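The values are calculated or read from the model by the stated rules, or taken from the named source; none is laboratory data. Everything quoted here is computed from the prediction, not taken from an experiment. Here the Cβ positions follow ideal geometry from the backbone for every residue, glycine too, while neighbour counts run over all protein chains shown.
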Amino acid sequence: MKKWKVFAGCLVIFMSGILAGAVVGGIFMKHKMEAVFHEGPPAFKRLILSKVSGELSLTGEQLREIEPIVEKAHIELKELRLRHQPEAETIIEAAISEMKKKLTEGQSKKLDLFYEAIKKRWHSR
């Protein structure tokens, strides 16, 4: 009987550790993604530089040399996004129109507010 209690106690502690790790990891990832989403391109650029630097073990000099390359790509991607944004908005607005057919009036208004907030972020970058 005592061995069973020890085993059960160890199992509970082990499972608690797994659960705690999953919760903390989830919160951390959510925070990182929200930062990228809310801060936009500058946060994304920092994330890319950090990931590349860590994965490739870049020296300080290499990081300084690579940063302008990432910055240039960021600018080119922004220009591409701006050129194609009207097309993207047309597609999104058509999808929203279709979604509204499936929503209640209250949900439809919330969707409008949500989309307007996103458009403001897009146009402010």
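For segment 40-48, the count of residues that are aromatic (Phe, Trp, Tyr) and out of contact with any helix residue (DSSP H, G or I) (no Cβ under 8 Å at 6 or more places or on another chain) is zero.
Can we say residue 48 is at pLDDT below 90, within 30 Å of residue 118 (Cα to Cα) and among the aliphatic types (A, V, I, L, M)? So residue 48 fits the description; yes.
Against the numbered list (1) part of a loop (DSSP other than H, G, I, E, B); (2) under 18 Å from residue 43 (Cβ atoms), residue 121 comes up short only at (1).
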